[in-house]
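First the structure, in the form of structure tokens, and then the observations on it.
The values are calculated or read from the model by the stated rules, or taken from the named source; none is laboratory data. Keep in mind the model is a prediction, meaning the values are calculated, not measured. Because the Cβ atoms are built from the backbone with ideal geometry, glycine has one as well, and the counts that use them run over all protein chains shown. Note: areas computed on protein heavy atoms with side chains; ligands, DNA, RNA excluded. Shrake-Rupley method; radii C 1.70, N 1.55, O 1.52, S 1.80 Å.
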Amino acid sequence: MPELPEVEALREYLDEHLTGRVVERVLPVAVSVLKTYDPPLTALEGQTAGETARHGKFLALRIGGLHLVTHLARAGWLRWQDALPEQPPRPGKGPLALRVALRGGGGFDLTEAGTQKRLAVYVVRDPQEVPGIARLGPDPLDASFDRDAFAALLAGERRQIKGVLRDQGVIAGIGNAYSDEILHRARVSPFKLAASFDGEQVTQLYAAVQDTLREAVERAHGVAAGKLKAEKKSGLRVHGRAGEPCPVCGDTVRSVSFADSSLEYCPTCQTGGKPLADRRLSRLLK
Ligand SMILES: [Zn+2]
């Protein structure tokens, strides 16, 4: 799933390639992706693209006086095409969800792999009309998001830190992969309660949030859209690496179920050497 660094790289890429281009046609290939009906997709046609903005994991493409907003969800992707196929796309075949053809040739596709269709597209007059954007917490890369702003978010928060970091309403842009990476870097258990961090631990975690995201943005910078997924994976130290050695201490990275998926962590670096109990599994065995 693309998270803040990958969406930021896509934003930069679109700013460079899309700005100033005129939208010729917008083809919704999978009808279910479009979540709004007024204004219609056709209102974008003939309009010139302006800058692209990022809101958490959402991309907002300014086209004329409107915004084409997308959330790529778990298996979605944006694929830039210097030349589009001559044949019009056929609905129901393959991962293509929406195609934007540009005047003068080329354009981009929004695609979604797998059977769970969660990719969402909105055409709005203001990005804040998208409910998922309206409820976003602060962006961790925003200049005003300092250590004390972060501390204020954690204070009184009774949930485990892993879930808090992933909650888009608390902080925007961090998902399952980068929350694992942040907690590993900060040497913190993913199950530690957010409110139980002392001042020094908050400072350490804040630094881990900043360093992890900024390094990932730096790595993704200038990487072609089609190569971003591989680039993301190569930079991860624990996420998706259960069974592999921790690059810091050599202990074996472990996986444990969490919410609707699983998380990865290093016991030596993060939990005093003790593996976390898989609550889902132990509940089943009782
Ligand atoms: Zn380790």
Per residue convex hull volume, Cα only, region 206-286, in Å³ is 128 Å³
Of every hundred units of 1.4 Å-probe accessible area on the chain, the number belonging to carbon and sulfur atoms, as a percent, is 51 percent
In whole percent, the Cα-Cα distances of region 61-207 spread across 10 Å bins from 0 upward as 10, 30, 26, 21, 10, 2, 0
Hits in region 241-257: amide N under 13 Å from the 7 Å Cα→Cβ extension of ARG219, namely 241, 247
Label model pair GLU86, ASP278: point-to-point distance (7 angstrom along the Cα→beta-carbon line) in nm is 5.4 nm
Among LYS227/LYS274; LYS117/LYS274; LYS162/LYS233; LYS233/LYS274, the pairs whose Cα-Cα distance exceeds 29 Å are LYS227/LYS274; LYS117/LYS274
Rounded to the angstrom and largest first, Cα extents along the principal axes for region 178-245 equal 41, 27, 16
Counting sequence-distant residues (5 or more places) and residues on other chains, those with an amide H built under 5 Å from that of GLY240 are GLU264
If the label point sits 7 Å along Cα→Cβ of ALA151, residues of region 190-223 with amide N under 19 Å come out as 193-211
Expressed in Å to one decimal, the Kirkwood Rh of the chain from all distinct alpha-carbon pairs is 20.2 Å
Restricting to Cα pairs under 8 Å and 6 or more apart, the percent relative contact order of the chain works out to 17 percent
Length-normalised contact order of region 135-209, Cα under 8 Å, at least 6 apart, in percent, tallies to 38 percent
Quick calc: nm separation of the 7 Å Cα→Cβ label points for ARG79 and GLU16 -> 2.1 nm
So, over other residues within a Cβ distance under 14 Å of GLN116, counting Lys, Arg +1 and Asp, Glu -1, the net charge is +1
Once SER32 and ASP260 are pulled to full extension, the length gained, defined as 0.36 nm per residue separation minus their Cα-Cα distance, is 79.8 nm
Here the cysteines of the chain lacking a cysteine partner under 4.7 Å (Cβ to Cβ) are CYS249
Volume per residue (Å³) of the convex hull spanned by the alpha carbons of region 1-113 is 96 Å³
Hydrodynamic calc, region 124-172: Kirkwood Rh from Cα pairs, then Stokes-Einstein at 10 °C with viscosity 1.306 mPa s, so D in µm² s⁻¹ is 134 µm²/s
Over all Cα pairs of region 137-199, the Kirkwood radius sets Rh, and Rg/Rh then becomes 0.92
Taking a probe of 1.4 Å and leaving out DNA, RNA and ligands, region 93-182 shows per residue an accessible area in Å² of 40 Å²
Counting only residues 5 or more apart in sequence or on a different chain, those whose built amide H sits under 5 Å from that of PHE145 are none
The percentage of Cα-Cα pairs in region 52-99 separated by more than 16 Å is 54 percent
